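The values are calculated or read from the model by the stated rules, or taken from the named source; none is laboratory data. Quantities reported herein were computed from a predicted structural model and do not represent experimental measurements. Quick reminder, even Gly has a Cβ in these numbers, built from the backbone with ideal geometry, and neighbours come from all protein chains shown. Keep in mind that these areas ignore ligands, DNA and RNA; they rest on the heavy atoms of the full protein, side chains included. Shrake-Rupley method; radii C 1.70, N 1.55, O 1.52, S 1.80 Å.
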Amino acid sequence: MIAALPQVQYEMVIGLEVHAQLSTQTKLFCGCPVEFGAPPNTHICPVCTGQPGVLPVLNQRAFDYAILVGLALNGEIAAFSKFDRKQYFYPDLPKNYQISQYDLPLVQHGWVEIDAGEGPLRIGITRLHMEEDAGKLVHAGADRLSGSTYTLVDYNRAGTPLVEIVSEPDIRTAAQAVAYVQEIRRIVRYLGACDGNMQEGSMRCDVNISVRPVGTEKFGTKVEIKNINSFNSIQRAIEYEYIRQMSALNGDNPTEVIRQETRLWDENAQKTRSMRLKEGSDDYRYFPEPDLLPLEVTPDLLAHYQAQLPELPIAKRQRYQSEWGLSPYDAEAMSNDRTTAHYFEEAVRHGAPPKLAANWVQGDITAYLNEHHQRFEDLPLDPGGLAELIQLIESGTISNKIAKELLPELLERGISPKALVVERGLTQISDHQQLIEALQQVLAESPQQVAQYREGKRKLAGYFVGQAMKKTQGRADPQLLNQLLSSLLD
Amino acid sequence: MIDHTTVQKVARLARLQLTASEETLFTVQLGDILAYIDQLSELDTTGVQPTTRAVELSNVTRPDVRRPPLDPEQLLSQAPQREEAFYRVPRISEP
Ligand SMILES: [Zn+2]
């Protein structure tokens, strides 16, 4: 008898290239506006359309943002770096080269810490460099590229400032890849360096993926996946590619081959398809950009940028847990973006217990904001007001239920919760005599239930409390009612 | 050294179509140019930093301010082919 061969287990080796568009007013090397959705070719000039004899000049703000992102990614900022020309022919690139950075990138050797539900994991960042974006091609004559008879070009996007962030091949699962891109997105948004909008393409992601038997060192053949524009497609493109490569390796699908190539994620078909064989990078014939001067970052300049760094999401997450006792889930929800974190922290500073403030912020307040398409900075109720509302509940002045009922009006009008409670006469009734009277009325009106209760149907306590609540228009302190009820009945 | 294969590759990358005799001509000429430049390597450059600029300047930047409005027509009108507000180029094969 032949023993079954042990099934080989495969693991993925994934590296990511994230392109983040810097939130500048103008392009990287010219004063053309950067604006999504502008009419075609309205934001173009001699520089970004590659006319002969023009000179690019670096946008200071793009340089600032690139350094800040580099620092936030724990990278080493190069004391000396420069721009290079990456040469290839493609009509979205009017100069026939892209200004990028090749052998002396602005940032190297960084890392970010992620948690994809398996505990903290550090993902290395090989490099970050600045480069210009290309224009946009519109394939005319047919809706599919293969059928088009000619191509139209819009150069509005050409020259838009980007940073390309290249990770080490440290990622092993689709969930880790998603967590990594989410963390990068949080960081650039905290810095205000990029809006992180994946639908509009302000953040784009290419995935390099290979598969190898678990326990082996050697990397498999690497495939690059492009055209991924949501967290959901990162996840699914990786899962699809893992299965495709594995089925080629273990012979389940003999027609499937793994070549070093670029594949496109096809959102409609939910699969990757071959795009072109990847050219060697020597084909780009990089050489130093003679029209731009090098960049030097002295220790003084570096200190100037370091001083501008805000507290980053990971630091907030850790602080919310260690100092304020939030759960990892709440800590992440409160630190996801800077305006939420600010609102939450201010509420705590005004005396709200952190856990309760977190509940209100991520629960009812977020729901209200989503429903009204508003953001925290638009909210009329300031964080001090939220702290006051929580204080009213904590002191027993109003019930949690009433607080929730008041919230929409508070959020909309931004008035003091104390004032509104007084205005509406909603103060919680904690006066024993008043509550006993209400309970006695209820008991007198329900002789049958009282009898059943005395026979052991203890669940009826809830009924009596509910009736007493009704008699007080919901203002009775429910805990006190429960206590008083048992003193009356038992 | 420059050989036919290198010339063919460079021509392909530059989208140039060369005849066989041009290929031979350029192989010789490019070889001569490189040999000429190669004389520089006779100099001892130990301890000399590679140069990336002709002037001793760095960090030359401009503020992130929009330029005055331009008429895009001035640029578009010079395009070999256009269609309304777009530049029009020959159909390209899939990227
Ligand atoms: Zn321009």
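Database remark: amide H of A:Asp84 closer than 5 angstrom to the amide H of A:Ser100, A:Gln101, A:Tyr102, A:Glu289 (H placed geometrically; neighbours at sequence offset of 5 or more, or on other chains; Pro and chain starts carry no H).
Here the Karplus relation 6.51 cos²θ - 1.76 cosθ + 1.60, evaluated at θ = phi - 60°, turns the backbone of the range A:343-351 into coupling constants of 4, 4, 5, 5, 4, 5, 4, 8, x Hz, with x for every Gly and Pro. Hydrodynamic analysis of the range A:216-375 uses the Kirkwood radius over alpha carbon pairs. Inserted into Stokes-Einstein at 37 °C and 0.692 mPa s, it gives a translational diffusion coefficient of 155 µm²/s.
Counting Cβ atoms of other protein chains within 10 Å of each residue's Cβ and taking the mean over peptide B:53-63 gives 6. Here, the range A:155-216 yields an orientationally averaged convex hull projection of 5.6 nm² when only Cα atoms define the hull. Across q = 0.20, 0.22, 0.30 Å⁻¹, the range B:47-95 modelled as identical point scatterers on its alpha-carbon atoms has Debye log10 I(q)/I(0) values of -0.82, -0.87, -1.18, in the order of the q list.
At 1.567 mPa s and 4 °C, plugging the Kirkwood radius over alpha-carbon pairs of the range A:371-420 into Stokes-Einstein gives what diffusion coefficient in µm²/s?
D, rounded to a whole number, is 117 µm²/s.
Ordered from highest to lowest accessible area with the whole protein assembly present and a 1.4 Å probe, A:His43, B:His4 read as B:His4, A:His43. Cα gyration tensor of the range A:10-301, axes a ≥ b ≥ c as square roots of the eigenvalues: rounded (a/c below 1.5), prolate (a/b > b/c) or oblate? In terms of gyration-tensor shape, oblate. Counting Cβ atoms of other protein chains within 10 Å of each Cβ in A:20-29 and taking the mean gives 2. Note on chain A: Cα Rg divided by 2.2 N^0.38 Å, N the number of residues, gives 1.31. Helix content alone sets the calculated 222 nm mean residue ellipticity of the protein assembly as shown: runs of n ≥ 4 DSSP H residues at -39500 (n - 2.57) each, divided across all residues, give -11000 deg cm²/dmol.
Rolling a 1.4 Å probe across all protein chains gives A:Cys30 an accessible area of roughly 10 Å².
Against the main long axis of the alpha-carbon atoms of chain A, helix A:383-394 sits at an angle near 30°.
State which entries of A:Lys218/A:Lys271; A:Lys86/A:Lys316; A:Lys222/A:Lys316; A:Lys355/A:Lys471; A:Lys27/A:Lys82 exceed 28 angstrom in Cα-Cα distance in the structure shown.
From A:Lys218/A:Lys271; A:Lys86/A:Lys316; A:Lys222/A:Lys316; A:Lys355/A:Lys471; A:Lys27/A:Lys82, over 28 Å: A:Lys86/A:Lys316; A:Lys222/A:Lys316; A:Lys355/A:Lys471.
The A-B contact accounts for approximately 4100 Å² of buried accessible area, totalled over both chains at a 1.4 Å probe radius. Roughly how tilted is helix A:60-72, in degrees to the nearest 10 and between 0 and 90, from the longest Cα axis of chain A? The angle comes out at about 60 degrees.
Magnitude of the charge dipole for the protein assembly as shown, about its Cα centre and with charges confined to Cβ atoms of Lys, Arg (+1) and Asp, Glu (-1), is about 1320 debye.
Helix B:4-13 and the longest principal axis of the C-alpha atoms of chain B enclose an angle of approximately 10°. Under 17 Å of direct C-alpha separation, and excluding same-chain neighbours fewer than eight residues apart, A:Lys401 reaches these aspartates and glutamates: A:Asp364, A:Glu388, A:Glu409, A:Asp477. Rolling a 1.4 Å probe over the protein heavy atoms of the protein assembly as shown, with every protein chain left in place, gives an accessible area that is 52 percent carbon and sulfur. Here the Karplus relation 6.51 cos²θ - 1.76 cosθ + 1.60, evaluated at θ = phi - 60°, turns the backbone of the range A:151-165 into coupling constants of 10, 10, 10, 10, 9, 3, 7, 4, x, 5, x, 10, 10, 9, 10 Hz, with x for every Gly and Pro.
What chain A shows is 47 Å² of accessible area per residue, with the surface traced by a 1.4 Å probe over protein heavy atoms. Amide H to amide H distances under 5 Å link A:Gly220 with A:Val211, where only residues 5 or more positions off or on other chains count and H is placed in the peptide plane. Using θ = phi - 60° in the Karplus curve 6.51 cos²θ - 1.76 cosθ + 1.60, the 3J(HN,Hα) couplings for the range A:176-183 round to 5, 4, 5, 4, 5, 5, 4, 5 Hz; x is entered for Gly and Pro.
Here's how it looks for A:Cys32: its modeled amide H is under 5 Å from those of A:Lys27, B:Arg67, which are all 5 or more places away or on a different chain. The mean number of partner chain beta-carbon atoms within 10 angstrom of a residue's beta-carbon across peptide A:60-71 is 2.
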